[in-house]
Amino acid sequence: MRTDIMGVGFDDLTLEEAVAAGEKLAQGPGFSYVVTPNPEIVDLARADAGYRDLLNGAGLVLPDGIGVVYAAKLLGRPLKGRVPGIDFATGLLDRLAKNGGKLFLLGAKPGVAEQAAARLKAAHPGLVICGVNDGYFKDSAPVVEKIKESAADVVFVCLGAPKQEKWMAQYGPETGAHLMAGLGGALDVYAGNVKRAPVLWQKLGMEWAYRLIRQPSRIGRMAKLPLFLVDARRQSKKERRA
Ligand code: UDP
């Protein structure tokens, strides 16, 4: 049973539970993908039924933003907590390093995935990164072929939303990988180009504010958050009346 937040069904899992579920999916058989919607992504899904179906069709739907956790509370169906995509990914990296699963990194500007791969291999001894590709390709076919040839089990797809979710759903099954995770700007963080908020800010649910201070150009995107919560409040009243 998933928890419905404004049309998107979230898995109510702790980080550890999410990583364990991801590890299981990564071992196959078959293909699935992980999405990590924040309020901005849920808003996109509210305006686009096709995109919403694609999010709901994921093997794991994890609440990346504190805004989703607040909305869940307002709706009277609280989630266990926030599961940031990058924390899920890091947990999965540890499991892959232990069980020998192969990882492919897709996305970000040219050179970033290579840089991320080098740093990840140093931080997770035993991790096998079987290939990388930047996220500014025009034709998907050669990228699909490259992933197939690499025999990757897991692919981190970091193309930003909604592109990454659409890409995973459309091309993922052809690649032979068992699991893909859409992780936005994670490769920039792993490469060391973008810093995450200090842990205290993360624990206080203030990571969004830290990102805003570091990248003020995100203001337009973040201004939607209060509106999202107002809508959640409205929805909650509507459900109580029904
Ligand atoms: N990106 C990409 N291809 C594109 C558009 C974006 O690889 O066509 C990358 C971009 O370089 C960045 C990531 O996708 O690394 C998106 O980062 P952003 O911080 O916007 O994502 P968020 O974490 O907020 O979802």
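FYI, it's all coordinate maths here, none of it is from the lab. This is a predicted model, so every value here is computed, not measured. Glycine gets a Cβ as well: all are built from the backbone with ideal geometry, and neighbour counts include every protein chain shown.
Using a cut-off of 27 Å between alpha-carbon atoms, which lysines can reach Lys138, once sequence neighbours fewer than 8 places away in the same chain are excluded? Answer for Lys138, where 27 Å is the Cα cut-off: Lys102, Lys109, Lys146, Lys148, Lys163, Lys166, listed by chain and number.
Which of the three applies to region 92-192, rounded, prolate or oblate, going by the alpha-carbon gyration tensor with a ≥ b ≥ c and a/c under 1.5 meaning rounded? Mind showing how you got there, number by number?
Values: a/c = 1.69, a/b = 1.25, b/c = 1.36.
Judged from the Cα gyration tensor, region 92-192 comes out oblate (a/c at least 1.5, b/c at or above a/b).
Subtracting the Cα-Cα distance of Asn56 and Leu204 from 0.36 nm times their residue separation leaves 50.5 nm of extension gain.
The alpha carbon gyration tensor of region 7-70 gives principal lengths a ≥ b ≥ c with a/c of 1.5 or higher and a/b no greater than b/c, which makes the shape oblate. For the chain, the relative contact order works out to 22 percent when only alpha carbon pairs closer than 8 Å and six or more residues apart are counted. With the simple spin-label model, which puts each label point 7 Å out from Cα in the Cβ direction, the Ala47 to Asp139 separation comes to 3.3 nm. Comparing Pro63, Pro37, Pro142 in a Gaussian network model of the chain where C-alpha atoms under 10 Å apart are linked, the largest mean-square fluctuation is found at Pro142. Summarising the label geometry, the points placed 7 Å from Cα in the beta-carbon direction at Lys238 and Lys166 lie 2.6 nm from one another.
If I build a Gaussian network model for the chain, linking alpha-carbon pairs within less than 10 angstrom, which residue out of Val68, Val42, Val230 has the largest mean-square fluctuation? In the Gaussian network model the winner is Val230.
Estimated from the Cβ-Cβ distance and a Förster radius of 30 angstrom, the FRET efficiency linking Ala118 and Arg77 is about 0.10.
If Rh is defined by the Kirkwood formula over all Cα pairs and Rg also comes from Cα, what ratio Rg/Rh do you get for region 144-242?
Numbers: Rg = 18.1 Å, Rh = 16.5 Å.
Radius of gyration over Kirkwood radius for region 144-242 works out to 1.10.
Using bins of 10 Å that start at zero, the share of Cα-Cα pairs per bin across region 35-123 amounts to 14, 36, 32, 17, 1, in whole %.
Please compute one quarter of the surface area of the Cα convex hull for the chain and express it in square nanometres. Spell out each step's value before the answer.
Numbers: hull surface 50.9 nm².
For the chain, averaging the hull's shadow over all directions gives 12.7 nm².
From its DSSP helices (H runs of at least four residues, each -39,500 (n - 2.57)), the chain gives a residue-normalised ellipticity at 222 nm of -15500 deg cm²/dmol.
Panel order for Arg2, Arg82, by other beta carbons found within 10 Å of each beta carbon, from fewest to most: Arg2, Arg82.
How big is the antiparallel share of DSSP beta bridges in the chain, given as a percent to the nearest 5?
If we restrict to bridges inside the chain, about 15 percent are antiparallel.
For region 98-155, rounded, prolate or oblate, judged on the Cα gyration tensor with a ≥ b ≥ c (square roots of eigenvalues), a/c < 1.5 rounded, else prolate if a/b > b/c? Working shown, then result.
Details: a/c = 3.48, a/b = 1.38, b/c = 2.51.
The shape class here is oblate.
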